[in-house]
Amino acid sequence: MDPESDRAQMKWFQSLILIVLLTCSCTQKEPERPNIIVFLVDDMGWQDTSVPFWDKPTPFNSLYQTPNMERLAAEGMKFTQAYATSVCSPTRISLMTGMNAAHHRVTNWTLRKDQQPVADDDLLAQPAWNVNGMSPVPGIANTIHATPLPQLLHDTGYFTIHSGKAHLGAIGTPAANPLNLGFDINIAGHAAGAPGSYYGTEAFGNNDPNRSVWAVPGLEKYHGKDIYLSEAITLEAVEAMQKAIDQDQPFFLYMAHYAVHTPIQGDDRFVQKYLDQGMLPTEARYASMVEGMDKSLGDIMTFLDARGIDENTVILFMSDNGGLSAVARGGEKHTHNKPLSSGKGSAHEGGIREPMIVKWPGKTMPNSSAEDYLIIEDFFPSILEMASVKDYQTVQPVDGQSFVSILTGTERASYKERPLFWHYPNRWGPKGPGIASTSTVRLGDWKLIYYHADRSFELFNLTEDIGETTNRAVDEPEKLKELASVLTQHLKEVQAQMPTDKATGKLVEYPLEILQP
Ligand code: CA
């Protein structure tokens with residue numbers, strides 16, 4: 001065969017291949033999977049921001065300065081009734097497993113293996129809850145064995161990045177290390193739920209041998225430098241996202257800030273202007289931590305813009321529990337959550353209602369707001385739906401419901417029809433309204449809290465009384481019974497663990513058993 005016809009044949013063959021490829025790409029190409037960022041703040045209250053989450057601005061919205069949250073809200077959808085649990089670990093494990101806290105039984109915060117963080121009080125003995133957190137493998141005592149969210153994303157092609165606070169498994173258990181949960185990269189995450197120090201000059205707590213349990217792991221290159229922890233983990237997260245881009249992989253970034261949890265250490269980049277405004281020193285330090293966290297959000301959004309991937313990246317902003325309004329160990333009050341009642345550790349709204357914003361370009365309406373209520377375990381199926389992960393298998397039953405239809409505006413039926421549940425058969429420590437061993441249900445406008453110690457009830461109409469000032473349990477007996485029945489059914493279904501009454505040695509009754517003995 002002469003070279004000319006050889007070339008012609010080759011050309012024809014190349015054209016054929018091209019046609020086949022083009023046909024395939026037209027008919028079989030999957031929609032491009034979005035990058036997904038969960039931006040989880042620690043202990044941030046519903047009002048600790050310049051974005052108003054109530055139906056009117058509050059004085060706190062003018063005190064705090066969070067311009068990047070404002071930018072995110074302008075580009076996405078704000079949720080005014082988004083819920084987490086009242087303390088760290090239960091929320092984080094619900095997010096990672098899709099399970100309700102009563103179901104996964106990590107009902108309090110975790111740290112040391114096989115140890116409760118807070119001892120029982122005189123009235124109630126806490127049940128044998130999962131003090132070691134979650135576990136990606138079976139056979140680890142006092143854990144919930146579950147298929148973690150990042151594992152499912154990793155297994156379907158996502159580059160998975162953990163940056164910041166993990167707090168998912170006790171020291172010495174597999175889930176203490178995010179790399180065992182399906183994360184490709186772990187930046188600064190381990191068993192502890194707070195940093196020894198936010199300051200690079202203090203090596204993020206690694207210089208204090210007496211408090212080594214709180215020392216932030218990794219980040220050695222920043223030790224001795226004048227850098228705040230929120231900034232360091234953001235720089236590292238940006239580098240990890242760039243790696244995913246270089247590898248041409250969609251990424252899942254779990255940007256779990258240590259801020260704004262205690263210790264309340266001022267972020268020097270921002271603290272002076274709050275002092276100049278006349279804020280008390282502790283409040284000013286706290287406000288500076290909030291703004292430092294907000295800068296991280298802005299830096300990430302700017303990075304996405306610069307790389308041209310902002311239109312294909314979902315950002316979910318959330319906090320893991322309410323602002324710490326109780327004063328602990330002689331400290332000063334640094335946040336309030338008003339008009340909500342109480343704060344972290346409480347079944348009242350101040351403990352569980354969170355600032356949540358979702359930006360999903362092309363799906364969420366810019367500058368929109370949703371009244372629909374939802375709870376933290378809903379993130380699990382929602383994120384998998386966003387990532388087009390279908391027909392996935394988990395060892396755990398998933399309680400959460402996807403909120404994608406709320407984001408896209410295609411369905412708004414769940415609000416007022418679906419009950420949400422909280423279960424905290426534990427002791428937290430600091431005192432305040434609603435801070436107790438409790439089980440709680442929200443249904444429509446109403447919320448019922450069942451107090452285990454004295455079997456009393458609080459019934460609130462949240463639409464009329466967002467501050468939970470008026471207990472309606474006596475004058476609304478039918479509503480009381482209805483909610484007690486819904487709550488009891490859930491507690492039975494998931495075999496919720498009740499505390500033991502020390503006086504009788506018996507388990508505390510389910511709420512309906514108190515009303516209908
Ligand atoms: Ca927290």
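The values are calculated or read from the model by the stated rules, or taken from the named source; none is laboratory data. Given the structure is predicted, the values throughout are model-derived calculations rather than measurements. Neighbour counts run over all protein chains shown; Cβ positions are idealised from the backbone, glycine included. Only protein heavy atoms, including side chains, enter the accessible area calculation; ligands, DNA and RNA are left aside. Shrake-Rupley method; radii C 1.70, N 1.55, O 1.52, S 1.80 Å.
Odds and ends about this structure:
- The packing ranking, built from the mean of other Cβ atoms within 10 Å per residue, places the peptides 333-340, 500-507, 88-95 in the order 88-95, 333-340, 500-507, highest first.
- Full extension of the chain between residue 276 and residue 410 gives 43.5 nm of extra length, using 0.36 nm per residue less the Cα-Cα distance.
- The range 162-303, dipole about Cα centre (Lys/Arg Cβ +1, Asp/Glu Cβ -1), debye to the nearest 20: 300
- Computed lengthening from residue 368 to residue 391, 0.36 nm per intervening residue step minus Cα-Cα distance: 5.2 nm
- Rounded if a/c under 1.5, otherwise prolate or oblate - the range 35-416, Cα gyration tensor axes: rounded
- Our estimate of slack between residue 120 and residue 213, defined as 0.36 nm per intervening residue step minus the Cα-Cα distance, is 31.2 nm.
- Other-chain or far-sequence residues with amide H under 5 Å of residue 375's (modelled H): 83
- Label zone at residue 504 (point 7 Å along Cα-to-Cβ), backbone N below 14 Å, the range 431-466: 452-456
- DSSP-defined antiparallel bridges as percent of all bridges, the chain, nearest 5: 55
- Axis angle, to the nearest 10 degrees, between helix 3-28 and the longest C-alpha principal axis of the chain: 20 degrees.
- Listed residues 466, 428, 489: farthest to the positive end of the dipole of the range 408-517 (Cβ charges): 428
- Taking N as its residue count, the alpha carbon Rg of the range 420-515 over 2.2 N^0.38 Å: 1.04
- The simple Förster model, with R0 at 30 Å and r as the Cβ-Cβ distance, assigns residue 495 and residue 112 a FRET efficiency of 0.70.
- When the solvent-accessible area of the chain is split by element, carbon and sulfur atoms take up 53 percent of it, the probe being 1.4 Å.
- For the chain, the longest principal axis of the alpha carbon atoms and the long axis of helix 88-97 meet at an angle near 40°.
- Placed amide H near residue 251: partners under 5 Å, 5+ positions off or other chain: 35, 36, 159
- Nitroxide proxy distance, nm - points 7 Å out along Cα→Cβ at residue 223 and residue 32: 4.2
- Overall, the anisotropy analysis places the range 171-257 in the oblate class: the square-rooted eigenvalues a ≥ b ≥ c of its C-alpha gyration tensor yield a/c not less than 1.5, with a/b not exceeding b/c.
- Rounded Å value of the spacing that divides the Cα centres of the range 501-517 and the range 384-446: 26
- Cα gyration tensor, the range 164-314 - rounded (a/c under 1.5), prolate or oblate: oblate
- Per residue accessible area in Å² of the chain, where ligands, DNA and RNA are left out and the probe is 1.4 Å: 40
- Dipole magnitude of the chain about its Cα centre (Cβ charges: Lys, Arg +1; Asp, Glu -1), debye to nearest 20: 660
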